[in-house]
Amino acid sequence: MNTVRLLFLFSSVVLTGCVSYQDRPLSPVETAAGFQSRTLDNSELRSFLEKNLSTNFSTWPPKVWDFSTLTWVAFYYHPSLDVARAQWAVNNAGETAAKARPNPTVSVSPEYNFNAASGVSPWIAGLNFDLPIETAGKRGYRTAQAKHLSEAARLNIGTVAWQVRKNFRDALIDFDVAQQSAAFLRKQQSLQTKMVEILDLQLKTGAISRFEISTAHLALDKVQLDLGNAQSQKIEASSHVVESLGLPMSALAGINLAPVEISVGDLGSPEVRQHALQNRSDILSALAEYAASQSALQLEIAKQYPDVHLGTGYQFDQGENKWALVGLSLELPVLNRNQGGIAEAKARREEAAAKFVALQAKVLAEIDRAFAVYRATEDQLKISAALLTTQHKRQQSMEAQFKAGAIERLDFLTMEVELGASEVLRLDTEAKAAHALSDLEFAVQQPLAGTRSMLTETEANPRNEKENHP
């Protein structure tokens, strides 16, 4: 039959345009091997860094890795950015799906008449065609909602990038502090050991009691314990550094990390605070989500109006060809006018608005807290700096007296131990100030003075896709 042939041809054309499934299994062994093979000397990373840092490396890899360069290494490797990019891709696909128009439908209903008259074909074949037409701008509202959600997902990549940057800065600060603490404590250990040796000699001559020597031994034991803790903290901090970069521990073997140098700049100014309250990536993402809730409400309101279905058909009726005229059908909104969907969409819009206001309040609190903590640590830095200056002057004076024979060596060593304790205290205060500035930079999402602004290159996956999907 011509009708059957036509239907078969139509089905063949439609099916040839379909996407076929391709299996892409994940192998934990291969993905783990891919992660372990990450290094700091591959050529693709070099091209990525030179593009985003606007520089050309004279030697590769660099002899010293500074904070700015390693931040872009984190943007290149860190898996949380891969997740954010994948979520954006999902929302982009949702936007494509929202733009799709409803497909027409074709139905075939063959019949056979067992009581057909002699000489009359017993076959009755019906072919019906239905074309749905969306009304009230539903497709436009659906597309707008998907676009806003896609924009929110895109902006979330920036939020994740700022978090990656902050985590790396904090890890690098802790690593630098642990290194310096270990160095100070090794010096303290050496001084305490010399003091114990001197006191042991005095004990043998009866010049001091056992109580005095036991106190010195306890002080030495405490320094040794503190040194062990500092070395453990250094190992832990180094693991946090590689974790914040998205690299295996082996990738940092033998490289030199430059200490973090930061200054507050004008991040505490009212203009910067106001800019953060309006332009932080998570603020803009929340605004996009609110806009999506607006479009969702418009869509639910539009659903009150029924869609139209245009239909026609052909029937081969026992040798007679019959064509149906264009028919129209629609749903009668008499029992349900989508009031439930509209009410739910209104509630979700109110929820999105409440979340936005709560986020702004949280951002403001983060900025104020970070700036207040920095100012407090700044005062502590001034006090500790003054104390350290005084003790350095005292150290110089006692060193001159020791060389002149005016004081004993034990007195000079005691002073040096006190100076070392002040240096450790100063280092701890500097670490608190550095972390406070890191929190402040993250809160306002503007780079600290002396650091380069972040670019939108974090939105695109810079690595070869095969690494993520073997």
Subject >> Cβ pairs under 7 Å, 6+ apart, first in segment 199-219 and farther than 15 Å from THR414 by Cα, second among the hydrophobic types (A, V, I, L, M, F, W, C) and assigned to a helix (DSSP H, G or I) >> reply: ASP200/ILE213; LEU203/ILE213; ILE208/LEU199; ARG210/LEU203
**OP:** Go through segment 392-437 residue by residue and tally those that are in a helix (DSSP H, G or I), among the aliphatic types (A, V, I, L, M) and free of Cβ contacts under 8 Å to residues at least 60 places away in the same chain.
**Re:** 7
**OP:** Among the residues of segment 377-391, count how many are among the polar types (S, T, N, Q) and under 37 Å from the mean Cα position of the chain (by Cα).
**Re:** 3
Original post:
Just a yes or no: is a residue in segment 65-83 in a helix (DSSP H, G or I), surrounded by 13 or more Cβ atoms within 10 Å (Cβ to Cβ), touching a Lys or Arg at 6+ places or on another chain (Cβ under 7 Å) and among the β-branched types (Val, Ile, Thr)?
Top reply: yes
Original post:
How many of the residues in segment 359-397 are hydroxyl-bearing (Ser, Thr, Tyr) and closer than 17 Å to SER269 by Cβ?
Top reply: 1
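Table: residues versus (1) aliphatic (A, V, I, L, M); (2) under 18 Å from ASN128 (Cα atoms); (3) surrounded by 11 or more Cβ atoms within 10 Å (Cβ to Cβ).
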| site | (1), (2), (3) |
| --- | --- |
| GLU320 | no, yes, no |
| GLU331 | no, no, yes |
| VAL334 | yes, no, no |
| ALA345 | yes, no, yes |
| ARG349 | no, no, yes |
**OP:** Please go through segment 71-101 and pick out each residue that is in contact with a helix residue (DSSP H, G or I) (Cβ under 7 Å, 6 or more places away or on another chain), under 30 Å from GLU243 (Cα atoms) and either at pLDDT below 90 or of a type outside the set (S, T, N, Q) (or both).
**Re:** TRP72, VAL73, ALA74, PHE75, TYR76, TYR77, HIS78, LEU81, ALA84, ARG85, TRP88
Original post:
Here are VAL373, VAL363: which of them is assigned to a helix (DSSP H, G or I), touching a His at 6+ places or on another chain (Cβ under 9 Å) and under 30 Å from ILE283 (Cα atoms)?
Top reply: VAL373
**OP:** Could you grab me the full set of residues in segment 271-306 that are crowded, with 18+ Cβ neighbours inside 10 Å, outside any helix (DSSP H, G or I) and in contact with a Leu (Cβ under 9 Å, 6 or more places away or on another chain)?
**Re:** ARG280
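I'd like to know if segment 338-352 contains one or more residues that are outside any helix (DSSP H, G or I) and of a type outside the set (Lys, Arg). So that I can check it myself, show each step before the final result.
Filtering segment 338-352 down to residues outside any helix (DSSP H, G or I) leaves 338.
Right, trim to of a type outside the set (Lys, Arg) and you get 338.
The answer is yes; a qualifying residue exists.
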Original post:
In segment 330-356, which residue that is of a type in the set (Lys, Arg) and more than 29 Å from the chain's Cα centre (by Cα) is nearest to ALA286 (Cα to Cα)?
Top reply: LYS346
**OP:** Hey, can you tell me all the residues within segment 379-396 that are over 11 Å from SER422 (Cα atoms) and surrounded by 15 or more Cβ atoms within 10 Å (Cβ to Cβ)?
**Re:** GLN380, LEU381, GLN395
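Residue-by-condition table, conditions (1) in contact with an Asp or Glu (Cβ under 8 Å, 6 or more places away or on another chain); (2) within 30 Å of ALA436 (Cα to Cα); (3) among the charged types (D, E, K, R); (4) at pLDDT 95 or above:
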| residue | (1), (2), (3), (4) |
| --- | --- |
| ASN103 | no, no, no, no |
| VAL108 | no, no, no, no |
| TYR112 | no, no, no, no |
| ALA117 | no, no, no, no |
| ALA125 | yes, no, no, no |
| GLU134 | yes, no, yes, no |
| ARG142 | no, no, yes, yes |
| HIS148 | yes, no, no, yes |
| ALA153 | no, yes, no, yes |
Original post:
Can you name every residue in segment 25-42 that is of a type in the set (A, V, I, L, M) and either modelled with pLDDT under 90 or in a loop (DSSP other than H, G, I, E, B) (or both)?
Top reply: LEU26, LEU40
Original post:
In segment 126-183, what residues are crowded, with 18+ Cβ neighbours inside 10 Å, in contact with a Pro (Cβ under 7 Å, 6 or more places away or on another chain) and among the aromatic types (Phe, Trp, Tyr)?
Top reply: none
Original post:
Which number in (1) modelled with pLDDT of 85 or more; (2) surrounded by 14 or more Cβ atoms within 10 Å (Cβ to Cβ); (3) within 21 Å of LEU70 (Cβ to Cβ) marks the one condition that ILE235 misses?
Top reply: (2)
Original post:
Only one of these conditions is not met by ASN113: (1) touching a residue at least 40 places away in the same chain (Cβ under 8 Å); (2) surrounded by 12 or more Cβ atoms within 10 Å (Cβ to Cβ); (3) under 25 Å from the mean Cα position of the chain (by Cα). Which number is it?
Top reply: (3)
Original post:
Can you tell me which residues in segment 365-418 are closer than 17 Å to ILE198 by Cβ and aromatic (Phe, Trp, Tyr)?
Top reply: PHE402, PHE412
Original post:
Can GLY341 be described as of a type in the set (Gly, Ala, Ser) and at positive phi?
Top reply: no
Subject >> Residue check, GLY228 of a type in the set (Gly, Ala, Ser), surrounded by 14 or more Cβ atoms within 10 Å (Cβ to Cβ) and modelled with pLDDT of 85 or more >> reply: no
Subject >> Selection status of TRP60, surrounded by 13 or more Cβ atoms within 10 Å (Cβ to Cβ), at negative phi and more than 17 Å from the chain's Cα centre (by Cα) >> reply: yes
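The values are calculated or read from the model by the stated rules, or taken from the named source; none is laboratory data. Model, not experiment: these values are computed from the prediction. Glycine also receives a Cβ, built like all others from the backbone with ideal geometry; neighbour counts cover every protein chain displayed.
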